[in-house]
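The structure appears below as structure tokens.
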Amino acid sequence: MRTDIDPLADLDFSGLWIPLITPFRAGAVDHDALAALVKRLTPSGITGFVVCATTGEAPMLDDAERDAVLATVTGSTTLPVVMGASATTAAEVLRRMHAAAPHRLAAFLVPAPGYVRPSQAALQAFFTQIADAAPAPLMLYDIPARTGVRLELDTLRALVRHPRIVALKDCGGRLDGTEALIADGELQVLCGNDAEWFASRCLGAAGAVAASAHVRTELFVAFDRALAAGELIRARLLWRHLAPLTRALFDEPNPAPVKALLAHLGECRDEVREPLLPASDALRARLKELLGALPAAAWR
């Protein structure tokens, strides 16, 4: 097991993280748009960024593109950055991690290997092997809708004993399991399903990794901070405004709806990579309507 624990292992992961889109222009990564987006989001009150994960269309990026995206993001912000690292084998995950290591990341976001559907014992071995050799701490990513396998509570409880596993992005869809893991207090749990943000935070989650917060970020920051402070009345009022937009942004596969709304705001092209398609005209119109209905400011 590694003994050269990086000081970033002590990072507080609480608050709001933005899982960044990867802007494209005529099929290529649009680094100008990406840098501008990061610079706009950096002073908004968020905790940091997650790059090259689900919202970033990481499976459709090659190694060189992932490296270039990471370089653009880390060169455009002083906030902590978490890098997505997914692959079928632990060896390939570690290869990708070590290629990104010079950027001194806050953590790597690591899901179960997709399509394979390993046993719980195999998952524990997979994540332990990675955590033993990783150049930065791990944020586990439980997202069975995409990987085909769930990280069960007993498996998570065993894994969080590892000193290099420090947080969980929870897209498991089981709030009872989320509550139990939060109650254990062994790691920071971040909500990964935007629609469950309010409930997860009320159960004691440390924050959220929320694609919805690409737009009107200040409202989402105010909402999350209100929950963290126990200001439930204010949080509930904000969520009543934000929840319809949050749900609509996932009515079609992520990140097409988020990109459609950002394109409407002039921040990127409305472009995704195959096999994804851009958001439908009907959803695009609905998103514009919901965006326009948001309050002008996060009132006190």
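Counting only heavy atoms of the protein chains, get the accessible area per residue of the range 233-272 (1.4 Å probe) and round it to a whole Å² value.
43
Enumerate the lysines that Lys259 could reach by cross-link, defined here as Cα to Cα under 20 Å, with residues fewer than 8 away along the same chain left out.
Filter leaves Lys39, Lys288.
Within the range 153-244, report the chymotrypsin sites (Phe, Trp or Tyr not before Pro) that DSSP leaves as loop and that have at most 14 other Cβ atoms within 10 Å.
none
In whole Hz, what ³J(HN,Hα) sequence does the range 242-249 give by Karplus (6.51, -1.76, 1.60; θ = phi - 60°), x for Gly and Pro?
7, 4, x, 5, 4, 5, 5, 5
Using only Cα atoms, locate the centre of the range 89-166 and the centre of the range 228-261, then give the distance between them in Å, rounded to an integer.
Cα centroid of the range 89-166 versus Cα centroid of the range 228-261: 28 Å apart.
Only loop residues by DSSP count here, and only those with at most 10 other Cβ atoms within 10 Å; note down the chymotrypsin sites (Phe, Trp or Tyr not before Pro) in the range 79-137 that meet that.
Answer by residue number: Tyr115.
Using a probe of 1.4 angstrom, how much of the accessible area of the chain is carbon and sulfur, in percent?
Ligands and nucleic acids excluded, carbon and sulfur give 53 percent.
The values are calculated or read from the model by the stated rules, or taken from the named source; none is laboratory data. In this text the structure is predicted, and so the values were computed from the model without any measurement. Positions of Cβ are generated from backbone atoms using ideal geometry, with glycine treated the same way; all protein chains shown enter the neighbour counts. Please note that ligands, DNA and RNA were not included when accessible areas were found on the heavy atoms of the full protein model with its side chains. Shrake-Rupley method; radii C 1.70, N 1.55, O 1.52, S 1.80 Å.
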